[in-house]
1. Spin-label point model (7 Å from Cα, Cβ direction): what's the Glu119 to Ile135 distance in nm?
2. What does the highest-first list of 125-134, 65-74 look like by mean Cβ count within 10 Å?
3. If we count other beta carbons within 10 Å of each Cβ, what is the order of Met63, Met40, fewest first?
4. What ranking do Phe48, Phe92 get, fewest neighbouring Cβ atoms within 10 angstrom at the top?
5. Which length gain, in nm to one decimal place, applies between Phe6 and Met57 when the Cα-Cα distance is subtracted from 0.36 nm times their residue separation?
6. To the nearest 20 debye, what charge dipole does the chain have about its Cα centre, counting +1 at the Cβ of each Lys and Arg and -1 at the Cβ of each Asp and Glu?
7. How long are the three semi-axes of the equivalent ellipsoid for the chain, computed from the Cα gyration tensor as the root of 5 times each eigenvalue, in whole Å, largest first?
Amino acid sequence: MTATNFVTSLDDGELRCLIESRLAGTTPDAGTRPERLAGMAPELTAKFRHLLPVEPMPAAVLMPLVDRPEGLTVLLTQRASHLRHHGGQISFPGGRLEPGDPGPLEAALRETEEEIGLERRFVRPIGYLQDHLVITGYRVTPVIAFVDPGFALRLDTREVDATFEVPLRHVLDVANHQARERKLGEVTITVYDIPYRDYKIWGATAGMLITLFRQLAGLEDP
């Protein structure tokens, strides 16, 4: 069995344990790990680092893994269509760190409550992915958390049009990682989209999910 199909072969309990073990002890980067652009490898990211600000704006997102009886799902948002940047795009709840935020975890929880009304009492943080750079000039820390069912969402329609859940197994199945080429500067790179029903998960959101997959599959260190 290959590393890539090992993850989806696990039962629900084994998958939960794998996520917890692979993310155990992870902390926000604070510049201690190599940066990633759209989930690409750090060594490739270094080739495009000059396209971004020297000091990107710190931000954080919550990657909510809803612990449903039928299996883990990923809770995602569809950004409001009227937004100037990335209107209608699929994303995680989150935003920039504010002066009152002690760190990425508090920023992600605060922004999630503000955007979709997910109360933090339902959220069980378990770890962090490496920081991901985005072209708009942010350095984003993904905070991974299990979310207990029973929550009720209240969307801020100024920022979010809708939310939906996608089975985590769908996200982790390499058959659903659709490669496409994208030009950055003078170089063509391969990025991945993850389609689900009428949605297309792409950009930094897909990149973070691919990073999670690679860590769970043991293809790289947390």
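Every number in this text was worked out from the coordinates using simple rules, so none of it is lab data. Predicted model only: the values in this text are computed from it and were never measured. Reconstructed Cβ throughout: ideal geometry from the backbone, glycine too, with neighbour counts over all protein chains shown.
1. With each label point 7 Å from Cα toward Cβ, the separation is 4.0 nm.
2. Ranked from most to least packed, the peptides come out as 125-134, 65-74.
3. Listing Met63, Met40 from fewest to most nearby Cβ atoms yields Met40, Met63.
4. Ranking Phe48, Phe92 by Cβ neighbours within 10 Å, fewest first, gives Phe48, Phe92.
5. Values: separation 51, 0.36 × 51 = 18.36 nm, distance 3.65 nm.
The span from Phe6 to Met57 would gain 14.7 nm if fully extended.
6. 480
7. Here the semi-axes work out to 23, 22, 18 Å.
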